[in-house]
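Take a look at the structure below.
The values are calculated or read from the model by the stated rules, or taken from the named source; none is laboratory data. Predicted model only: the values in this text are computed from it and were never measured. So basically every Cβ, Gly included, is an ideal-geometry build from the backbone, and we count neighbours across all protein chains shown. Only protein heavy atoms, including side chains, enter the accessible area calculation; ligands, DNA and RNA are left aside. Shrake-Rupley method; radii C 1.70, N 1.55, O 1.52, S 1.80 Å.
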Amino acid sequence: MTAIVRRGVAAGSRQWPEGLHPVLRRVFERRAVASPAELDLKLESLVPIGRFGDLEPAVALLLAHRDSPVLIVGDFDADGATSTALMLLTLRGLGFRRVSYRIPDRFREGYGLSRALVDSLDASEAALLVTVDNGISSHEGVARARARGIDVLITDHHLPPDVLPDANVIVNPNLRGSAFPGKSLAGVGVAFYLLAALGRALGSPSAVAAYLDLVALGTVADLVRLDQSNRILVDQGIRRIRAGRCRPGISALLELAGSDPRSVTTATLGFRVAPRLNAAGRLDDMSVGVKCLISESAAEARSLAETLDALNRSRQDLEAGMKADAIAIVDAFTLNEPSLPHAICLRRDEWHEGLVGLVASRIRERFHRPCFAFAAAEAGDLKGSGRSVPGFHLRDALAEIDAANPGLIDRFGGHAMAAGLSLKAGAFDRFAIALLDVARSKLSPDSLGRQILSDGALEPEHLNLEVAKLLRDAAPWGQGFPEPCFDDRFELVESRTLKDAHLRLRLKTLAGGCVLDAIAFHQADATWSVGTVRRIAYRLAVNDYFSDDKVQLIIEHIEASD
């Protein structure tokens, strides 16, 4: 069941700038913006480097290895790829002459700094290992590296386990006792702070700022909360892209996605660029993605981007089949039960382990339940990935299951809304029962219904291109700072189906009789007769597909009855 719920306004008085449009004022008030200072997105408004207490020892360790072989160990998602590229390019620019990178093979070495990866290194390949977007749970890999005389610097943003790996230095804003307020930084954001501190120590404080396009892409792709620090990083990176000062690889990916760099938004990065980059890590080898991002040649970047684009098309085909399988499994749950369980656990041994997170995400979106999806990995193990709903912290749930069932989970990690784990093949049923028990204890019946949070109705005089552009330009929008959504009742004037999946509509306001274009993606099964009235939740958007910009409504939900 989906319900449209209007946002409340957080308590407290605010002094808004004179001339601020009333629609923007309403939107900011409903996102708990306390003052205009929180809307300042200048780079100078970032939380100062000096407040990140773990940076000084990390900088000292890097400086001690400036002439040593340094190996960056990345991750096989977009945050990991952008973190790797950022670290590599900035270290080289700061005079590190022997720096290289390695992305683990998902199928042979597994996630992060594993023992298998360390054992595969030549003796001369690394005197220092620097992890980006991983490492906080890599106890065996770190121990093996230290035993071989290799120093380890961990940079990560994932929630730490109770016992930390024995690295030389760990940089993570979520370490216990850390007073740094930037808890929501992505892996690329953590790397940015470290490299900014290193640049300052070497007299080049702005060296890393040249790569803010990478920071923006990785931050948006990882779906972290867009607090003020992350909004600054994303905004500054998008400004570089719009100005034509981004990496050739990002330009090539935008071109293949049919996107104009001059009008890039967070949605462009999240839905057009990131999936193409992520496809390499899901299906093949994220080294292709990193090569695309670090390439200085437009021709080479274009060739690598084409490889990523082809991988993404293959990913879409595979995902479609897996999603159909998953929906069939969930539909079978309800044959003998009146309602869905509080949490959903799915398994198909033949599924591609690199795509199970996407399956979990699609099921979560469709049924509004926490979901884990598993596929068979090598040696008979199961690799799983989960996605959650508000009110159910996935990583904490896994920690609770692990504490109550020692040995059930081989390893796990993640965030509130996304997490991964591995199980022995015979442990799936026990895990599914344990997950369901925890979900029942945490999720109330009210939390199992999907809510679309609305900023209310827009007055007819505000349903225009000017306001749509104001909302677009007030970005970046994203997790924790959602794009404005409004709701009202409209009369259907015209409707047609696009590609058997989407609805192209013409809607008329009940007050004033204004007729507007609208599109409802993936809602072709919605029934709405011409001349009848429905309540809809929508975003006011700029349609710049044609030469002249036009206003259109992007429909999030159509209520089933008048």
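Under 5 Å between amide hydrogens, built in the peptide plane, is the criterion, and for residue 478 it picks out 483 among residues at least 5 positions away or on other chains. Database remark: amide H of residue 99 closer than 5 angstrom to the amide H of 70 (H placed geometrically; neighbours at sequence offset of 5 or more, or on other chains; Pro and chain starts carry no H). Applying 1/(1 + (r/R0)^6) with r as the Cβ-Cβ distance of residue 433 and residue 510 and R0 = 41 angstrom yields a FRET efficiency of 0.20. For 538, 101, the ranking by accessible surface with the largest value first comes to 101, 538, using a 1.4 Å probe. Compute the label zone of residue 204 within segment 77-107: residues whose backbone N is under 17 Å from the point 7 Å along Cα-to-Cβ. 85-100, by backbone N distance to the label point. Rounded to the nearest 500, the 222 nm mean residue ellipticity of the chain from helices alone is -11000 deg cm²/dmol, with -39,500 (n - 2.57) taken per DSSP H run of at least 4 residues.
Using the average count of surrounding beta-carbon atoms within 10 Å as a protection proxy, the listed peptides 290-301, 37-48, 223-234 rank, highest first, as 223-234, 290-301, 37-48.
Segment residue 440..residue 166, full-extension length gain: 95.0 nm, with 0.36 nm per residue of separation and the alpha-carbon distance subtracted. Spatially close Lys pairs in the chain, defined by Cα atoms under 18 Å apart and a spacing of eight or more places or different chains, total 4. Taking the protein heavy atoms of segment 265-347 in the context of the full set of protein chains, the accessible area attributed to carbon and sulfur is 51 percent at 1.4 Å. Whole-Hz Karplus values for segment 460-467 come out as x, 6, 9, 8, 9, 5, 4, 5 Hz, taken residue by residue from phi with 6.51 cos²θ - 1.76 cosθ + 1.60 and θ = phi - 60°; glycine and proline positions read x. Taking every DSSP beta bridge that has both ends in the chain, the antiparallel portion is near 60%. Suppose a student asked you for the relative contact order of the chain, using Cα pairs under 8 Å spaced at least 6 residues apart; what percent would you report? Dividing the mean separation by the residue count of the chain yields 11 percent.
Remark: accessible surface ordering of 6, 395 (largest first) is 6, 395, probe radius 1.4 Å.
Using the 1.4 Å probe convention, the accessible area of segment 55-175 works out to 34 Å² per residue with neighbouring protein chains retained. Against the criterion of solvent-accessible heavy-atom surface with a 1.4 angstrom probe, 417, 1, 87 sort, most first, into 1, 417, 87. With the cut-off at under 19 Å, measuring from each backbone N in segment 478-504 to a point 7 Å along the Cα-to-Cβ line of residue 242 picks out 478-479, 481-484. Amide H contacts of residue 452: 3, 4, 5, each under 5 Å away and 5 or more positions distant or on a separate chain (H built 1.01 Å from N in the peptide plane; Pro and chain starts excluded). Relative to the longest principal axis of the Cα atoms of the chain, the long axis of helix 298-333 lies at roughly 70 degrees. Diagonalising the gyration tensor over the Cα atoms of the chain and scaling each eigenvalue by 5 before taking the square root yields semi-axes of 39, 30, 22 Å, largest first. Sequentially through segment 179-186, phi angles give Karplus couplings (6.51, -1.76, 1.60; θ = phi - 60°) of 8, 5, x, x, 5, 9, 4, 6 Hz, Gly and Pro residues having no value and appearing as x. Calculate how steeply helix 78-93 sits against the longest principal axis of the alpha-carbon atoms of the chain, using the helix alpha-carbon long axis, and give the answer as 0 to 90 degrees to the nearest 10. Here the helix axis deviates by roughly 50 degrees. Counting Lys and Arg as +1 and Asp and Glu as -1 over every other residue whose Cβ lies under 11 Å from the Cβ of residue 402, the net charge comes to -2. To put it simply, the accessible area of segment 7-137 at a 1.4 Å probe is 49 percent carbon and sulfur.
In nm, to one decimal, how far is the modelled label at residue 122 from the one at residue 56, with both set 7 Å along Cα→Cβ? For the pair residue 122/residue 56, the computed spacing is 3.9 nm. Axis of helix 228-242 versus longest Cα principal axis of the chain: the two differ by about 80°, to the nearest ten degrees. Per-residue extension of 0.36 nm, minus the Cα-Cα distance of residue 310 and residue 405, leaves a gain of 30.0 nm for this segment. In this label model, residue 332 and residue 524 are separated by 2.7 nm, measuring between points 7 Å along each Cα→Cβ vector. Across segment 179-289, Cα-Cα pairs farther apart than 15 Å form 64% of the total. Residue-wise HN-Hα couplings along segment 271-280, as the Karplus relation 6.51 cos²θ - 1.76 cosθ + 1.60 with θ = phi - 60° gives them from phi, are 10, 10, 8, 4, x, 5, 6, 5, 4, 5 Hz; Gly and Pro carry x.
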